[in-house]
1. Specify the residue that is farthest from PRO144 (Cα to Cα); the eligible residues are those in the stretch 72-95 that are of a type outside the set (Val, Ile, Thr) and outside any helix (DSSP H, G or I).
2. For the stretch 2-71, which strands (runs of 3 or more DSSP E) that fit wholly inside it have 1 or more residues that are without any contact (Cβ under 8 Å) to a residue 60 or more places away in the chain, within 16 Å of ARG160 (Cβ to Cβ) and in contact with a His (Cβ under 8 Å, 6 or more places away or on another chain)?
3. Condition first: surrounded by 16 or more Cβ atoms within 10 Å (Cβ to Cβ), among the aromatic types (Phe, Trp, Tyr) and more than 17 Å from HIS15 (Cβ to Cβ). Can you find one or more residues in the stretch 75-95 that meet it?
4. Applying the selection to the stretch 23-58, what residues are more than 22 Å from ALA118 (Cβ to Cβ) and among the small types (Gly, Ala, Ser)?
Amino acid sequence: MAGAAPSVRMPRRLHVLGASGSGTTSLASLLAARHGHRHLLELLRRALGEAPAWVLSGSLCGWGDPLIAEFDLVIFLAVPTEVRLTRLRAREVERYGQEAIAPGGPRHEAHVEFLRWAGRYDAGGLEMRSRALHDAWLSALPCPTLRLEGDRPVAEQLARIEAAVVKPASR
């Protein structure tokens with residue numbers, strides 16, 4: 001799919017966000033590969049200035065507010081908590097190994113605390129990275145936003161985004 005020629009003209013500068021484990025990095029990577037954007041994770045400021053089209057994933061609330069004026073579209077992913085936590089557990093095993101995060105392992109306490117923190121996303125208030133904080137942040141953005149709710153395959157999410165940004169042909 002990533003190698004197929006895009007059939008829609010995607011906005012040039014996208015931002016994808018959602019709770020940890022919601023699939024923001026996977027979706028941003030596919031968007032970037034499919035539409036010729038750069039997926040940026042490091043050297044943010046310099047890279048944003050150098051790239052004519054890019055995709056940025058992750059939560060920017062607060063620290064990244066100076067970048068808001070650069071966005072052409074912001075995409076918010078909302079995935080059920082248990083799905084996110086399952087993904088995060090698998091990601092932690094892949095990154096650190098099962099032994100490291102198992103009880104008695106050197107990363108066990110950090111792993112448990114991380115999952116506890118991630119599990120509070122939907123019920124948390126504005127004082128933490130939470131659904132409430134993201135909703136408030138999104139409501140103040142000057143650019144278009146697209147909300148994708150539910151656990152859907154990344155290719156389906158991409159298709160929904162492409163359908164949402166299709167502009168009628170000018171005559």
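Where a number appears in this text, it was derived from the coordinates with a stated rule and is not lab data. Quick caveat, the model's predicted, so the values are computed rather than measured. Using ideal geometry, Cβ is built from the backbone for each residue, glycine included, and neighbour counts are taken over all protein chains shown.
1. The first filter runs over the stretch 72-95 and keeps only residues of a type outside the set (Val, Ile, Thr), leaving 72-73, 76-78, 80, 82, 84-85, 87-92, 94-95.
Okay, now just the ones that are also outside any helix (DSSP H, G or I), so 72-73, 76-78, 80.
Working: ASP72: 7, LEU73: 5, PHE76: 11, LEU77: 15, ALA78: 17, PRO80: 24 Å.
Within the stretch 72-95, the match that is farthest from PRO144 (Cα to Cα) is PRO80.
2. On the way: elements: 13-18, 38-40, 54-57.
Because the criterion is at least 1 residues that are without any contact (Cβ under 8 Å) to a residue 60 or more places away in the chain, within 16 Å of ARG160 (Cβ to Cβ) and in contact with a His (Cβ under 8 Å, 6 or more places away or on another chain), the strands (runs of 3 or more DSSP E) in the stretch 2-71 that meet it are 54-57.
3. No.
4. ALA32, ALA33, GLY36, ALA47, GLY49, ALA51, ALA53
Rundown of residues vs (1) farther than 26 Å from ARG12 by Cα; (2) hydroxyl-bearing (Ser, Thr, Tyr), yes/no style:
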residue	(1), (2)
ILE101	yes, no
LEU115	yes, no
TYR121	yes, yes
MET128	yes, no
ALA136	no, no
PRO144	no, no
ASP151	no, no
ALA163	no, no
LYS167	no, no
